[in-house]
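One structure is given below, encoded as structure tokens.
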């Protein structure tokens, strides 16, 4: 692995900012669009830069190859379901809460990887990290100012959506021998095909009169937070490795809280701060345990 330079850290922070910015943009998109339409258009706009990259790099897209069922399953589990659940949940909760709840993904991954992989078993140190991280999430649910009986289920759905990201990641291991760009393009294509009839039938977006800010946020979500973010992630992984790229998990919830405050004037309570710190510490301990094992 080559020496890490300033540009590498700049790209890492940029990736974290793009992914963190997704949450307040989802919130703005919900002002005009339903959650199914948001998920559909996010996938549609996200597919454009990825498919174009595959075309220019002459990478074959295998969405309809003999492994089509893996691409279809991952597209549904890793894109369709979490995109819908997050958009549905964010309608009634602050975007900064969504950022913290989604930050639990590395913690959920550690638990599920223990049961479904051979070389990612949980140990005492990882258990401590998972316990601290999820304690922060549980503590967040005690914040009566931000989570109440009217949006409790919405918050749970966002947390549930993060679990589908993990399951989708585990399924991706089944086709880990294929190029990342090919896999991403293929699952985006299947996500588009699955959501197209559902969107047209259930939400009929042609009847909408959307606000300009909602439309711009939705386009941004697709092109930047989905398409370009994935391509940037590939670049970082290729040049710096998984351990370096994994550091983005610490930054996303921090940036998510800050951006929600700046753009939407969202309330930051003391419990949000405590929960955020606990989640970041939990992720750090889990990541540290993984790094120590690799050494």
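Values quoted throughout were computed directly from the atomic coordinates according to the rules given, and no laboratory measurement underlies them. Computed from a predicted model, the values in this text were never measured in an experiment. Quick reminder, even Gly has a Cβ in these numbers, built from the backbone with ideal geometry, and neighbours come from all protein chains shown.
With the chain treated as a Gaussian network of Cα nodes joined by springs under 10 Å, which of 178, 27, 149 yields the largest mean-square fluctuation? Checking each option, the largest mean-square fluctuation is seen for 149.
Note on segment 42-198: semi-axes of the ellipsoid equivalent to its C-alpha gyration tensor, largest first and rounded to whole Å, are 31, 21, 12.
Packing order of peptides 276-283, 208-215, 152-159, highest average first: 276-283, 152-159, 208-215 (average count of other Cβ atoms within 10 Å over each peptide's residues). In segment 90-114, whose amide N lies under 13 Å from the spot 7 Å out along Cα-to-Cβ of residue 173? List them in ranges. Flagged as within label range: 109-114.
Over segment 1-130, what relative contact order in percent results from Cα pairs under 8 Å that are six or more residues apart? Don't skip to the end; give the middle numbers.
On the way: 61 pairs, mean separation 38.1, N = 130.
Answer for segment 1-130 is 29 percent.
Residue separation times 0.36 nm, minus the C-alpha to C-alpha distance between residue 261 and residue 9: what's the value?
Values: separation 252, 0.36 × 252 = 90.72 nm, distance 2.45 nm.
Taking 0.36 nm per residue and subtracting the Cα distance, the gain is 88.3 nm.
With contacts taken as Cα pairs under 8 Å and at least 6 residues apart, the chain reaches a relative contact order of 42 percent.
Approximating the spin labels as points 7 Å out from Cα along Cα→Cβ, the residue 211-to-residue 60 distance works out to 4.8 nm.
Only helices enter the 222 nm calculation for the chain: every DSSP H run of n ≥ 4 contributes -39,500 (n - 2.57), and dividing by all residues gives -24000 deg cm²/dmol, rounded to 500.
Fewest-first ordering of 23, 83 by other beta carbons within 10 Å of each residue's beta carbon gives 83, 23.
Shape summary: segment 143-295 maps onto an equivalent ellipsoid whose semi-axes, from the alpha-carbon gyration tensor, are 28, 26, 16 Å in decreasing order.
Computed over every Cα-Cα pair of the chain and binned at 5 Å starting from 0, the pair-distance distribution P(r) comes out as 1, 6, 11, 16, 19, 18, 15, 9, 4, 1, 0, 0 percent.
At 0.36 nm per residue, and after removing the present C-alpha to C-alpha distance, how many nm does the segment from residue 52 to residue 123 gain when stretched out fully? Provide the component values of the computation, followed by the final result.
Numbers: separation 71, 0.36 × 71 = 25.56 nm, distance 4.25 nm.
Gain on stretching residue 52 to residue 123: 21.3 nm.
If I take every Cα pair under 8 Å that is 6 or more residues apart in segment 161-295, average their sequence separation and divide by the length, what percent do I get for the relative contact order? Reported relative contact order: 18 percent. Remark: segment 164-249 is approximated by an ellipsoid whose semi-axes, taken from the C-alpha gyration tensor as √(5λ), come to 30, 18, 11 Å, largest first. Using the Cβ-Cβ distance between residue 153 and residue 268 with R0 = 25 Å, the FRET efficiency computed as 1/(1 + (r/R0)^6) comes to roughly 0.60. Quick note on segment 18-83: its Rg to Rh ratio, both from C-alpha atoms and Rh being the Kirkwood radius, is 1.04.
The GNM of the chain, with springs linking C-alpha atoms under 10 angstrom apart, assigns the highest mean-square fluctuation among 131, 41, 218 to 131. Here the Debye sum runs over all C-alpha atoms of segment 1-126 as equal scatterers in vacuum, and log10 of I(q)/I(0) at q = 0.19 Å⁻¹ comes out as -1.28.
Take the Cα of residue 239, step 7 Å toward its Cβ, do the same at residue 193, and the gap between the two points is 3.4 nm. Of the candidates 201, 24, 44, which one comes out as most mobile in a Gaussian network treatment of the chain with C-alpha springs shorter than 10 Å? Among 201, 24, 44, the largest mean-square fluctuation in the Gaussian network model of the chain belongs to 201.
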